[in-house]
Amino acid sequence: MMHLRAGAYLLVLLIVTPPYAFMVIACGWLPRLARWRVISWWPRFATWLARWLLGITYEVEGKENIPDEPCIILSKHQSAWETLAYNGIFPRHVYVLKRELFWIPFLGWGLALYSPIGIDRSNPKSAMQRVIDQGRERFKQGFCVMMFPEGTRVAVGSRKAYRPGGAILAKQLGARVLPVAHNAGLCWPRNSFLKFPGKVTVRIGTPIESADKSPEQLMRQVEEWVETQVAELVARR
């Protein structure tokens, strides 16, 4: 049954995505915020479909911690689920991601119009400068910047070194950092075709001021909080 549900979920997205992508491309002339609003309905639909077809629901703890002004959101990355569901949880935001994703037919074309900050990971120095320059521009337009400090999806129970890019950007912009933990990998495992019904918990921490900390101190504080909360959420399930 889980194979059938996972297959049906993928099939529906394969049917819906191409025409939606063409609609998004037709809206390419719109201002960035208007374009973001149009495109954000696709991940919202995918999240709703996961709830209805796969039985993956979610709850949010600490939503009151989300600041009114743009911030840097630093989140654990366990699956594709959070990249979809976050559109319905957080204020308008853009992702920092590898530019190769833009080359995916239909999905990548729409993603490119979503105003993300696409980087070349083979050139870290140039990538960091691009994040700073475009992050400053997005901030002025009222967007938060979402980053996954480990740089890739990490299976439940594992962890990778947290990269300092998000903390450096926060320091450059004088912005607060919003740490986020979750246990989505239990329902939507990394690189797995199968998805498992259950409730994902997204836990949002208190915003962290960046002014009085070095990038290393800031990222260490984020990492300690996120990893502690993730371990608790996973154990609770």
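Mean Kyte-Doolittle hydropathy of -0.5 or higher plus an axial Cα length of 20 Å or more: which whole DSSP H helices in the chain meet both? Helices meeting the criterion: 2-26, 215-236. For the range 164-221, the per residue solvent-accessible surface stands at 39 Å², with DNA, RNA and ligands left out and a 1.4 Å probe.
Per DSSP H run of at least 4 residues, take -39500 (n - 2.57); add these up for the chain, divide by its residues and hand me the 222 nm value, nearest 500 deg cm²/dmol. Write out the running numbers ahead of the final one.
Values: 8 runs with 101 residues, N = 237.
The per-residue figure over the chain is -13500 deg cm²/dmol.
Of the accessible area of the chain, computed with a 1.4 Å probe over protein heavy atoms only, carbon and sulfur atoms account for 59 percent.
Using a cut-off of 11 Å between beta-carbons, work out the net charge of the residues near Pro124 (Lys and Arg +1, Asp and Glu -1, Pro124 not included). So the surrounding residues net to +3. Quick check: the distance between the Cα centres of the range 190-218 and the range 136-158, to the nearest angstrom? Cα centres, the range 190-218 to the range 136-158: 9 Å. Applying a threshold of 27 Å to the alpha-carbon distances of Lys98/Lys195; Lys98/Lys199; Lys125/Lys195; Lys140/Lys160; Lys63/Lys140 flags Lys98/Lys199; Lys125/Lys195; Lys140/Lys160 as lying beyond it. Annotation: extensible slack from Leu14 through Thr152 equals 47.3 nm (criterion: 0.36 nm per residue apart, minus Cα-Cα distance). For the set Cys187, Cys27, the ranking by accessible area, highest first and with no ligand, DNA or RNA atoms included, is Cys27, Cys187 under a 1.4 Å probe.
Of the beta bridges in the chain, as assigned by DSSP with both residues counted there, near 15 percent are antiparallel.
Scaled to the globular estimate 2.2 N^0.38 Å, the Cα spread of the chain, given as radius of gyration, is 0.99. Chymotrypsin sites (Phe, Trp or Tyr not before Pro), restricted to the range 134-237: which are DSSP loop and have at most 15 other Cβ atoms within 10 Å? Those that pass, being in a loop and sparsely packed, are Phe193.
The values are calculated or read from the model by the stated rules, or taken from the named source; none is laboratory data. Not measured: the values here are computed from a predicted model. Using ideal geometry, Cβ is built from the backbone for each residue, glycine included, and neighbour counts are taken over all protein chains shown. Note: accessible area is taken over every heavy atom of the protein model, side chains too, but ligands, DNA and RNA are not part of it. Shrake-Rupley method; radii C 1.70, N 1.55, O 1.52, S 1.80 Å.
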